[in-house]
Amino acid sequence: MNYNDNHLNNIFHALADSTRREMVQMMAQKERTVSELAKPFDMSLAGISKHIKVLERANLMERSVKGRTHICRLNTESLAQATEWLRFYEKFWSDRFDLLESELLKAKKKEH
């Protein structure tokens, strides 16, 4: 796997925050305005804007402007890259656990 470390760092940094994860979930359902993204949170629009900038830097969302309204949509490509990175390690651990299970079964058979 050849991933840009900074890009993955930005993705995982963005997803490390529960507010941003909730914003990602909201955008996964449909496009949202900045005001819609801000609504569930007890913070200023300036605070929400900082979260949005982190998501944009991680390329997890795209923003378009229609008049004075900012529309935010999820960019699933970056999520897919993070998922692919995680799947590599999921397979690694799955293989290790399969090997451990096999060894435990062999040891159990020797006991009987």
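How high is the FRET efficiency between ALA107 and ARG87 when r is their beta carbon distance and R₀ equals 25 Å, given to the nearest 0.05?
For R0 = 25 Å, the calculated efficiency reads 0.25.
For segment 44-83, with equal point scatterers placed on the C-alpha atoms only and solvent neglected, what are the log10 I(q)/I(0) values from the Debye formula at q = 0.16, 0.28, 0.33 1/Å, to two decimals?
The calculated log intensity ratios at q = 0.16, 0.28, 0.33 Å⁻¹ are -0.43, -0.97, -1.08.
Report, in deg cm²/dmol and to the nearest 500, the calculated mean residue ellipticity at 222 nm for the chain, where each DSSP H run with n ≥ 4 adds -39500 (n - 2.57) and the sum is divided by the residue count.
Taking each H run of at least 4 residues, the total per residue is -22500 deg cm²/dmol.
Provide the gained length on full extension for the span ASP98 to SER35, in nm with one decimal, where the gain is 0.36 nm per separating residue minus the Cα-Cα distance.
The span from ASP98 to SER35 would gain 17.9 nm if fully extended.
Answer rounded, prolate or oblate for the chain, using the Cα gyration tensor with square roots of eigenvalues a ≥ b ≥ c: rounded when a/c is under 1.5, else prolate when a/b is larger than b/c, else oblate.
Prolate, since a/c reaches 1.5 and a/b exceeds b/c.
Quick one: putting +1 on the C-beta of Lys and Arg, -1 on the C-beta of Asp and Glu, what dipole do you get for the chain around its Cα centre, in Debye to the nearest 20? Mind dumping the intermediate values first?
Details: 19 positive and 16 negative charges, 58 e Å.
Charge dipole, the chain, about its Cα centre: 280 debye, nearest 20.
Which lysines have a Cα lying under 18 Å from the Cα of LYS30, excluding residues fewer than 8 positions away in the same chain?
Excluding near neighbours in sequence, the set is LYS39, LYS66.
Every read-out reported here was derived from the displayed coordinates using simple, explicitly stated rules and does not represent laboratory data. Here the structure is a predicted model, which is why all the values come from computation and not from measurement. Using ideal geometry, Cβ is built from the backbone for each residue, glycine included, and neighbour counts are taken over all protein chains shown.
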